[in-house]
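Asks: One structure, as structure tokens, below. Some questions next.
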């Protein structure tokens, strides 16, 4: 509950919280913060992740796609808040409704900012911006989940809160399309492919910053029925994002070659869905709403620091420095095509 002595306080009284998932980029940081703030945290997952869970969290092992397995693991328990990090389709959302209706005071569905209108007709993007993405099935599935959950909120008083993260990263996630392969190309003196003209704006949020706002909304009854975009206030052109990675990798002047997102999509359907459905559009968010709910929330980790953390982590773990030969070939082919003037 909200602190009755100070309803605007940045924290709520310790809560009994369940995370479904709990070991991903976003959820792991949120789990660490929840435990640090004194919440009683239970994490339910299949127990297959190599990412550590915070000391003090209770672990329940079950396959969330198997309703009987989850019911057995929970054994009739109830929670002040349930955070669902791993629902991606309407069928999975319905399973969540069936499992948790009547057993939690708040159900937080982690949707995606990619569900917002693409291309956006105005910036900044608000929670009231329409949800429409004709390019990416992932985003349309998240929209379908939201529609199902909101119907349950309206008709059954299901205690829903929707959170829409944009690009959230930790030291294990490279923001560039090619991942480590692009770092390898930079260090090898090879040109690197950048989608579009490199000037569209992109918002990157460190998972630790995301966790401050996310854990802050757990247990707040005024968040039920609402949606929140949780992002940093920093937005950068893609050219600068690539340059920050290059500097972190010790390459002061990377050679960036711009290839239209449509051209990349024509040669790689997998990359194209993400580019046309999200990354090729400028995304700048107004996060006033989450700031008004969680007083004092402010992202404090600039991406320049984040890029250094990422490169340092990969340098310390060379076994993870995977060079994707298919992406190498695609980059070489499309860069040569652009340079030929075809």
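Read the figures in this text as sums done on the coordinates, not as results from a lab. All values derive from a computational prediction rather than experimental measurement. Note: ideal-geometry Cβ built from the backbone for every residue, glycine included; neighbour counts use all protein chains shown.
Asks: For the range 157-304, what D do you get in µm² per second when you plug the Kirkwood radius from alpha-carbon pairs into Stokes-Einstein at 25 °C and 0.890 mPa s?
Replies: So the translational diffusion coefficient is about 146 µm²/s.
Asks: To the nearest µm²/s, what D does Stokes-Einstein give for the chain at 37 °C and 0.692 mPa s, using the Kirkwood radius over alpha carbon pairs as Rh?
Replies: 155 µm²/s
Asks: Would you please report the Å³ per residue occupied by the convex hull of the alpha carbon atoms in the range 212-261?
Replies: That works out to 125 Å³ per residue.
Asks: Along the Cα-to-Cβ line of residue 240, 7 Å from the Cα, sits a label point; which residues in the range 304-341 have backbone N less than 19 Å from it?
Replies: Residues 304-310 fall inside that zone.
Asks: Which whole number in µm²/s is D for the range 235-286 by Stokes-Einstein, with the Kirkwood Rh taken over Cα pairs at 37 °C and 0.692 mPa s?
Replies: 263 µm²/s
Asks: Normalized C-alpha radius of gyration of the range 58-183, against 2.2 N^0.38 Å?
Replies: Here the answer is 1.21, to two decimals.
Asks: Oh, and also: Take the eigenvalues of the Cα gyration tensor for the range 108-236, scale each by 5, and report the square roots as semi-axes in whole Å, largest first.
Replies: 32, 17, 13
Asks: For the range 98-146, would you read off the P(r) tail past 14 Å as a percentage of all alpha carbon pairs?
Replies: It works out to 55 percent of all Cα pairs.
Asks: How high is the relative contact order of the range 184-342, in percent, counting Cα pairs under 8 Å that sit 6 or more residues apart?
Replies: It rounds to 34 percent for the range 184-342.
Asks: What number do you get for the range 176-217 when its Cα radius of gyration is normalised by 2.2 N^0.38 Å, N = residues?
Replies: For the range 176-217, the normalised Cα radius of gyration is 1.69.
Asks: List the relative contact order of the range 49-142 as a percent without decimals, with contacts defined as Cα pairs under 8 Å and 6+ residues apart.
Replies: 24 percent
Asks: Would you list 146, 255 from fewest to most Cβ contacts within 10 Å?
Replies: So the residues, fewest neighbours to most, are 255, 146.
Asks: Please give the peptides 164-170, 15-21, 298-304 ranked by average Cβ packing (other Cβ atoms within 10 Å per residue), highest first, as a rough proxy for protection.
Replies: Order by mean packing, descending: 15-21, 164-170, 298-304.
Asks: Continuing with this model, one more query. Have a look at the DSSP beta bridges in the chain and tell me what percent are antiparallel, nearest 5.
Replies: If I count the DSSP bridges inside the chain, around 10 percent turn out antiparallel.
Asks: Could you state the orientation-averaged shadow area of the convex hull built on the Cα atoms of the range 182-250, in nm² to one decimal?
Replies: Mean orientational projected area (the range 182-250, Cα hull): 6.4 nm².
Asks: State log₁₀ I(q)/I(0) for the range 230-336 at q = 0.10, 0.15, 0.17 Å⁻¹ as given by the Debye formula over alpha-carbon point scatterers of equal weight, solvent excluded.
Replies: The Cα Debye sum returns log10 ratios of -0.42, -0.90, -1.09.
Asks: Let me ask something else about it. For 285, 158, what's the fewest-to-most ordering of other Cβ within 10 Å of each Cβ?
Replies: 158, 285
Asks: Now for a separate question. Relative contact order, percent, of the chain when contacts are C-alpha pairs under 8 Å separated by at least 6 residues?
Replies: 19 percent
Asks: Sort 263-272, 288-297 by packing, meaning the average of other beta carbons within 10 Å per residue, with the highest value first.
Replies: Going from most to least packed, we get 288-297, 263-272.
Asks: Arrange 258, 184 by Cβ neighbour counts within 10 Å, fewest through most, would you?
Replies: The order, fewest Cβ neighbours first, is 258, 184.
Asks: For a bin width of 10 Å, list the pair-distance distribution of the range 294-342 built from all Cα-Cα distances, rounded to whole %.
Replies: Values per bin, smallest distances first: 19, 22, 28, 21, 8, 1.
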